[in-house]
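Structure first, commentary second.
The values are calculated or read from the model by the stated rules, or taken from the named source; none is laboratory data. Here the structure is a predicted model, which means the values were calculated and not measured. Quick reminder, even Gly has a Cβ in these numbers, built from the backbone with ideal geometry, and neighbours come from all protein chains shown. Accessible surface is based on the protein model in full, side chains and every heavy atom, while ligands, DNA and RNA are left aside. Shrake-Rupley method; radii C 1.70, N 1.55, O 1.52, S 1.80 Å.
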Amino acid sequence: YNNNHEDTFAAVHRKDADAVFINVDYPGYGGDLTELKSAVRAVRAVSDTAAVIFKDIVVDDIQLGLAKEAGADGILLMAAVL
């Protein structure tokens, strides 16, 4: 498992990525808000324009605030889940 977000996103950025999606669903994928915050720092270190997107199954308004507080630029909402 590569936990070096700076190296990972730098490699993705070299391929002209406009966004990176961070899955914060711990039970399903092992991600959490710490991962999101780390990814935001890594992305900001190499790009002023690439977006960091919070990806989770949103079931409560508090998740939106947590995503914003962590520095996410957007939130992926999957209507099929609703």
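Heavy-atom surface analysis with a 1.4 Å probe gives the chain a carbon and sulfur content of 54 percent of its accessible area.
Applying 0.36 nm per residue to the separation of ASP25 and ASP60 and subtracting their alpha-carbon distance, the gain on full extension is 11.2 nm.
Computed from point charges on the beta carbon alone (+1 for Lys and Arg, -1 for Asp and Glu), the dipole magnitude for the chain about its Cα centre is near 200 Debye.
Using a probe of 1.4 angstrom and keeping all protein chains present, the accessible surface of the chain works out to 68 square angstrom per residue.
Taking the convex hull of the alpha carbon positions in the chain and averaging its projected area over all directions gives 5.6 nm².
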